[in-house]
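S.K.: Quick one: the structure is below, and I'll ask about it shortly.
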Amino acid sequence: MRLGIISALAEEQQGLLEAMESPYKLIHGKREYTAGKLWKIDSVAVLSRIGKVAAAVTAATLVEKFNVTHIIFTGVAGSADFGVKVGDVVVADSLAQHDFDASPLFPRFEIPLTGLSRMPTDRELSLKLSLATREFLENESNQPQMHRGLIGSGDQFIKDRAHLGALKDALPDLLAVEMEGAAVAQVCHELGVPFAIMRTISDNANEEAATDFMHFVQTVASRYAFGVIQNFCKSLT
Ligand code: SAH
């Protein structure tokens, strides 16, 4: 196994890079890939940057150039459901590109020629990631919850209630919104690479989203990503 770990933001990956044994760095396509061992697992960590295209090229490069066999994405997201609170974690069962619409040629959200409007994540990998998440959250004092379900991705930072409401009307089971996951899911689906994703909820995708988000990434999300990936890697050996 060779594990690819993608995050969108530097704060989230800092701790993992410091924990990596005998790391070596390689710059390719404007990104810095760090290869090494994380708790005995052969790993390659990289920042995708923000948005679907950035995430897709990063995922494809991890597979084609760095020969990873599995991919995990860690990041933050806005809540898209009343039951999903800031500080909770969502592990996706499937992901939709919520801004994809080739109707009337194809149904809204369907990715042409795949027949899918939702890309599934790998069951086994997602199960392991959920267990690692649950184990980590148990030790958090404010009792954050883990949720499993649909995550939506689009090239939009969702920061207004009306926009979120419209998305929720179209995708009623949507739990969280972010900007990369569904792109990585599609690349992994097409290349046959198992993929799983965890997103810590940083904001409520409303008018306060931008301020909540920055504070949250620095104080909470980075610690979550580190703790969950540590549990996850340890569970593999
Ligand atoms: N101010 C940041 C930009 C972050 S964009 C900077 O300068 O780096 C938001 C990132 O967090 C994206 O990678 C996205 O995946 C996720 N995210 C968090 N909350 C979101 C929301 N409400 N809508 C969309 N993406 C969100």
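S.K.: Take segment 113-164 and flag every residue that is within 16 Å of the ligand (Cβ to nearest atom), out of contact with any helix residue (DSSP H, G or I) (no Cβ under 9 Å at 6 or more places or on another chain) and among the charged types (D, E, K, R).
M.R.: Arg161
S.K.: Mind listing whichever residues of segment 52-101 are among the hydroxyl-bearing types (Ser, Thr, Tyr) and surrounded by fewer than 24 Cβ atoms within 10 Å (Cβ to Cβ)?
M.R.: Residues satisfying the conditions are Thr61, Thr69, Ser94.
S.K.: Suppose we filter segment 1-37 for residues that are surrounded by 15 or more Cβ atoms within 10 Å (Cβ to Cβ) and within 16 Å of the ligand (Cβ to nearest atom); how many remain?
M.R.: 9
S.K.: Continuing with this model, one more query. Report, by residue number, each residue of segment 8-61 that is among the polar types (S, T, N, Q) and under 15 Å from the mean Cα position of the chain (by Cα).
M.R.: Of everything in segment 8-61, those that are among the polar types (S, T, N, Q) and under 15 Å from the mean Cα position of the chain (by Cα) turn out to be Gln13, Ser48, Thr58.
S.K.: A further question follows. When you check Phe136 against the structure, is it among the aromatic types (Phe, Trp, Tyr), assigned to a strand (DSSP E or B), closer than 21 Å to Ser222 by Cα and in contact (Cβ under 8 Å) with a residue 60 or more places away in the chain, yes or no?
M.R.: So Phe136 fails the test.
S.K.: So, in segment 172-225, exactly how many residues are more than 21 Å from Asp122 (Cα to Cα), among the hydrophobic types (A, V, I, L, M, F, W, C) and either part of a helix (DSSP H, G or I) or away from the ligand (no atom under 11 Å from the Cβ) (or both)?
M.R.: Residues that pass the stated criteria total 8.
S.K.: Now a separate question. Pairs needed: first member in segment 13-26, closer than 22 Å to Arg199 by Cα; second member anywhere, among the aromatic types (Phe, Trp, Tyr); C-beta distance under 8 Å; at least 6 residues apart or different chains.
M.R.: Qualifying pairs under 8 Å: Gly15/Phe226; Leu16/Phe226; Ala19/Trp39; Ala19/Phe226.
A short reminder: the numbers here are calculations on the coordinates, not readings from a lab. No experiment lies behind these values; they were computed from the predicted model shown. Cβ: placed from backbone, ideal geometry, glycine included. Neighbour counts: every protein chain shown.
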